[in-house]
Amino acid sequence: MSLIDALLAGTSRPVRVALEKSLEGRELDRDDAVVLLGAEGRDLQVLCAVADGARFEDVGDEISYVVCRNINFTNICYVGCSFCGFARHKHDEDAYDRGLDDILERASEAWELGASEVCIQGGIHPNKDGMWYREIVRAIKSVLPEIHIHAFSPEEIDFGVRKSGGMSLHDYLRMLKDEGLGSIPGTAAEILDDEIRKIVSPKKLMTERWVEIVSAAHEVGLRSSSTLMYGHIESPRHIAGHLELLRDLQKRTGGFTEFVPLGFIHHKTRLYREQSSRAGATAPEDLRLLAVSRLFLRPHIRNIQISWVKMGLKLGQIGLMSGANDFGGTLMEESISNAAGSEHGDHVEVETIERLIREIGRTPYERTTTYGRRRRARAEAAEARPSARPAPPADMALLSGY
């Protein structure tokens, strides 16, 4: 019996055929992805093992992480996505809208604590104009020229363009890049299938516009992450189509830095309470998504990231043995998942990340946003403050979900 036959022993025929195809180095298609997204029992165990082998072949045994801070600058938003527990209307008691001084203070504190990146996103505030995003970038770069600004989802970019007074999409993105924007998060993707989008976020940009914005960002030299939200009302065929769209886009532009599957946090959302979605992702779903994305997206997207905020730290470790190679970021604060009911916190220390990685026999390294290696001494920051977690903001008590 060959090693491949021994590995695949006991799997169902459809799963075996798809995994053999992957092991032979052939590209998986949508039907293969649908089959693998239904893997259970022995099929799931072998799927994760094959994906872990592919991970080793693609990127080796090191696991990366980034020291970053999330800054969600406003929760005022009128888009009305039913999967969101974060958005507030401006007269709600716990609504907030941070000014430039507040944003800059948070960014400066993150830099002092050793962060290389700030990730900035917020609600779609109807009273902002198209230059608000430019002012955020300009203010941070004027004080922290070396920090990487990873900011503004495609939904925010679309809003900025529409409120810019007539700028084209490419010109708007070039303006932000010239001011110091380093990359954009590939969020606002959810499921890139309008059948689903018209149910969960009918006022949000549709698939074609999301692709147009991300493509334009890549064309002007702004790289992006890519994401998918699962565990709600989607089916395996929707996920397979989403992955194929991302892979095709990456073949054209090469602009994605990583793929991040994001399990739906259901507790405080209308999608769960009123629209009968599933109660979020299960542990097998989490592992299937990581494993299938590794096999389906390779070799075009090499970095697969766990979301410890969604999965938790221990399941995240298993995800790192199921095809993923990136732990994600320290975050320091996180509002969106917490507002929806996440139970896994909003910050993790570098020391904890590295311990968790070493516990599974792998080697950690700190990366930049675009997956370069960051070489620096953390001694001064550690000596200045024992914990890398920032002090709670003064208005924390007012924010739902903190």
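Points worth noting:
- Simple spin-label estimate for ARG358 and HIS267 in nanometres, 7 Å along Cα-Cβ: 3.2 nm
- Between helix 207-219 and the chain: long-axis angle, C-alpha atoms, 0 to 90°, nearest 10: 80 degrees
- The angle between the Cα long axis of helix 41-59 and the longest principal axis of the Cα atoms of the chain comes to about 60 degrees, rounded to the nearest 10.
- With pairing defined as another cysteine C-beta under 4.7 Å, the cysteines of the chain that fail it are CYS48, CYS68, CYS77, CYS119.
- With the cut-off at under 17 Å, measuring from each backbone N in the stretch 234-254 to a point 7 Å along the Cα-to-Cβ line of ASP29 picks out 237-238, 240-245, 247-248.
- Restraint check, LYS90/LYS310; LYS90/LYS198; LYS198/LYS268; LYS141/LYS268, Cα-Cα greater than 31 Å: LYS141/LYS268
- Dipole moment magnitude, nearest 20 debye, the stretch 51-195 about Cα centre, only Lys, Arg, Asp, Glu C-beta charged: 680 debye
- Overall, the chain carries a charge dipole of about 360 debye about its Cα centre when +1 sits on the Cβ of Lys and Arg and -1 on the Cβ of Asp and Glu, all other atoms neutral.
- Stretching TYR365 away from GLU109 to a fully extended chain increases their span by 89.9 nm, per 0.36 nm per residue minus the current alpha-carbon distance.
- In this structure the amide hydrogen of GLY329, modeled in the peptide plane, comes within under 5 Å of the amide hydrogens of VAL66, none closer than 5 places in sequence on its chain.
- Between GLU40 and ILE4, the contour length at 0.36 nm per residue exceeds the alpha carbon distance by 11.0 nm.
- Proximal charge balance of GLU285 [Cβ under 13 Å; K/R count +1, D/E count -1]: 0
- Top positive-direction residue, dipole computed over the stretch 61-398 with Cβ charges, set TYR365, ASN127, THR253: THR253
- Between helix 100-112 and the chain: long-axis angle, C-alpha atoms, 0 to 90°, nearest 10: 50 degrees
- Full extension of the chain segment joining THR253 with ASP171 gains 27.7 nm, where the gain is 0.36 nm per residue of separation less the Cα-Cα distance.
Read-outs: derived from the displayed coordinates by stated rules, not from any lab. Predicted, not measured: the structure shown is a model, and the values here were computed from it. A quick note on method: Cβ atoms are made from the backbone with ideal geometry, for glycine too, and the neighbour counts reach across all protein chains shown.
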